[in-house]
Amino acid sequence: MKKLLLILLCLPLLFTTCKKEDDIPATNLAIGDTHQGGIIFYLDATGQHGFVCDFQDLGTAEWGCHDTLILGADGTGIGKGYQNTIDIEAGCTKSNIAADYCANSSAQGYSDWFLPSKEELNQMHLHKSYIDSISLSNGGVAFIYAYYWSSSESDSKHDYSTAWGQYFANGFQYGYDKRSPCGFRAIRAF
């Protein structure tokens, strides 16, 4: 009888100590952790909010709408990728472009993925060793040493044919021809 009572008392303790990855308290988050469908590559000053990227690239594609200025898709800073992606989707009717693939992704059960802004993409590059390691251990893939698209159109209002990309071999960011097939990896905010 004492053994049965002990088991019944310990049973709730056993179930309360099992946690899913999404149950990690926000105060314990760090760059490189898996969280809410991806790998954390950026945390804000509170350490409770940031961005995760998918475990793998979605392929290669054009940025889209060469020679067309996409109104609003020029935000380059942290926190601008989501709105840039919305603006690209609204202003560019070309299909099978990088923003389309990101916006339509449902990776890991989430449907709010987007193409990163120029600075969000740079944060991914700065933390690519963490991302690569976690991606590979979770069945994903490492970044390729190639060009990746951001959602940020070129800052030159007289040149509608370029958008910001980043070369992952050396980290340089350039304005690339929107018709170029570049890699891209979706991100989401948490």
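The values are calculated or read from the model by the stated rules, or taken from the named source; none is laboratory data. All figures in this text were calculated on a predicted structure; none of them were measured in a lab. Positions of Cβ are generated from backbone atoms using ideal geometry, with glycine treated the same way; all protein chains shown enter the neighbour counts. Keep in mind that these areas ignore ligands, DNA and RNA; they rest on the heavy atoms of the full protein, side chains included. Shrake-Rupley method; radii C 1.70, N 1.55, O 1.52, S 1.80 Å.
Note down the nm distance, to one decimal, between modelled labels 7 Å out along Cα→Cβ at Y174 and at A45.
3.6 nm
If you stretched the chain out fully between Y145 and H66, how much longer would it get, using 0.36 nm times the residue separation minus the C-alpha to C-alpha distance? Don't jump to the answer; show the numbers that get you there.
On the way: separation 79, 0.36 × 79 = 28.44 nm, distance 2.44 nm.
Contour length minus Cα-Cα distance gives 26.0 nm.
When ranked by the protection proxy of mean other Cβ atoms within 10 Å per residue, highest first, what sequence do the peptides 30-36, 159-165, 51-57 form? Mind showing how you got there, number by number?
Details: 30-36: 15.9, 159-165: 21.0, 51-57: 22.7.
Highest mean packing first, the order is 51-57, 159-165, 30-36.
How high is the FRET efficiency from D159 to N104, r the C-beta distance, R0 35 Å, rounded to 0.05?
0.80
Tell me, what is the 1.4 Å probe accessible area of I39, in Å² to the nearest 10?
Rounded to the nearest 10, the figure is 0 Å².
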